[in-house]
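The values are calculated or read from the model by the stated rules, or taken from the named source; none is laboratory data. In this text the structure is predicted, and so the values were computed from the model without any measurement. Neighbour counts run over all protein chains shown; Cβ positions are idealised from the backbone, glycine included. Accessible surface areas use protein heavy atoms only, side chains included; no ligands, DNA or RNA. Shrake-Rupley method; radii C 1.70, N 1.55, O 1.52, S 1.80 Å.
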Amino acid sequence: MLAVLEGRPAQFAVNAPSLRPEDVEFLEPFMGLLVMLGKLATQLAQDHVRSAEISYRGEIAERNVGVLTAAAVQGLLEPISDTPVNLVNARLLAQQRGLEIIETRSSTPSHYTSLVRVTVNTRAGSTSVAGVISDGRANVVQIDDYELHLPPTPGYLLVTQHVDRPGIIGLVGTLLGEADINISSMQVGRIAPRGQALMLLSVDESVPPAVVERIRQAANIETIKVIKL
């Protein structure tokens, strides 16, 4: 009971995925990361999510990851569900929505000792978000083909996809400043110099639609979204 009240997973739950005592220390940091990856994936998707794949690669694939998959599903559903979502009801709510959940594992490591990925599939295509735990801290390290390093802290993200060119970061920052919106951090991933780029700005408050549209037109941005984590 104390663990649950402190926001930590229960070790011996009857009606929810639980952590074995030997797995708690290793897996617990991934709980918040999976929730955030799920929230990002759902809100970045271009259409209604029809299915989702939760994949584990490296050392984490050899652990009991049922509770982590439930955390990812919780994150997927929270932005779109009118019903409060938690580890107990996440899989049931997904089933009721017709959302297929696939869990895959590979013990072969990639660039990281343990990497987790949430991929959502829609009629418009797929969106993939991957993350790791580094020095005890969660980080988003990839969105689709873009490499980056983003601590998934609660709050708001302004996400833009555009052609990499001089001055665009300053222009977007200036427009946010004129709207009295403070930027707390920034990450930019790009496929190649002056090619397609993805920019994520952590902001202290949500960006009003009028400001979003002003940025879109002034900076000639292809895609721009406000995401709540």
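A few remarks follow.
- Residue in segment 156-174 that is modelled with pLDDT of 95 or more, touching a helix residue (DSSP H, G or I) at 6+ places or on another chain (Cβ under 9 Å), over 21 Å from residue 35 (Cα atoms) and among the aliphatic types (A, V, I, L, M) present: yes
- Close pairs from segment 8-37: first farther than 12 Å from residue 68 by Cα and of a type outside the set (D, E, K, R), partner modelled with pLDDT under 85 and part of a helix (DSSP H, G or I), Cβ under 8 Å, at least 6 apart: 10/3; 10/4; 11/3; 11/24
- On the stretch given as segment 40-68, residues that are among the aromatic types (Phe, Trp, Tyr) and open to solvent by 60 Å² or more (accessible area, probe 1.4 Å) total 0.
- Qualifying residue in segment 79-91 (condition: open to solvent by 30 Å² or more (accessible area, probe 1.4 Å), in contact with a Pro (Cβ under 8 Å, 6 or more places away or on another chain) and not in a helix (DSSP H, G or I)): yes
- Contact annotation: residue pairs with Cβ atoms under 8 Å, 6 or more positions apart or on different chains, pairing a residue in segment 190-211 that is more than 16 Å from residue 174 (Cβ to Cβ) with a partner that is among the polar types (S, T, N, Q) and assigned to a loop (DSSP other than H, G, I, E, B), are 202/153; 204/182; 205/182.
- Among residues of segment 191-229, those that are under 20 Å from residue 36 (Cα atoms) and basic (Lys, Arg), counted: 2
- Looking at 105, 97, just one residue is more than 18 Å from the chain's Cα centre (by Cα), within 25 Å of residue 137 (Cβ to Cβ) and charged (D, E, K, R), and that residue is 105.
- Inclusion of residue 145 among residues that are charged (D, E, K, R) and under 16 Å from residue 127 (Cα atoms) is warranted.
- Residues of segment 46-62 that are assigned to a strand (DSSP E or B) and of a type outside the set (Val, Ile, Thr): 51, 52, 53, 55, 56, 57, 58.
- Selection within segment 112-133: residues that are open to solvent by 50 Å² or more (accessible area, probe 1.4 Å) and farther than 21 Å from residue 223 by Cα. The member of this set that is nearest to the chain's Cα centre (by Cα) is 117.
- Any pair with Cβ under 6 angstrom, 6 or more apart, that starts in segment 131-145 at a residue that is among the polar types (S, T, N, Q) and ends at one that is surrounded by fewer than 21 Cβ atoms within 10 Å (Cβ to Cβ) and outside any strand (DSSP E or B): 139/151
- Options 148, 200, 175, 171: the member that is hydrophobic (A, V, I, L, M, F, W, C), touching a Leu at 6+ places or on another chain (Cβ under 6 Å) and surrounded by 14 or more Cβ atoms within 10 Å (Cβ to Cβ): 200
- Residue 153 vs. criteria modelled with pLDDT under 95 and either under 24 Å from residue 81 (Cα atoms) or of a type in the set (Phe, Trp, Tyr) (or both): yes
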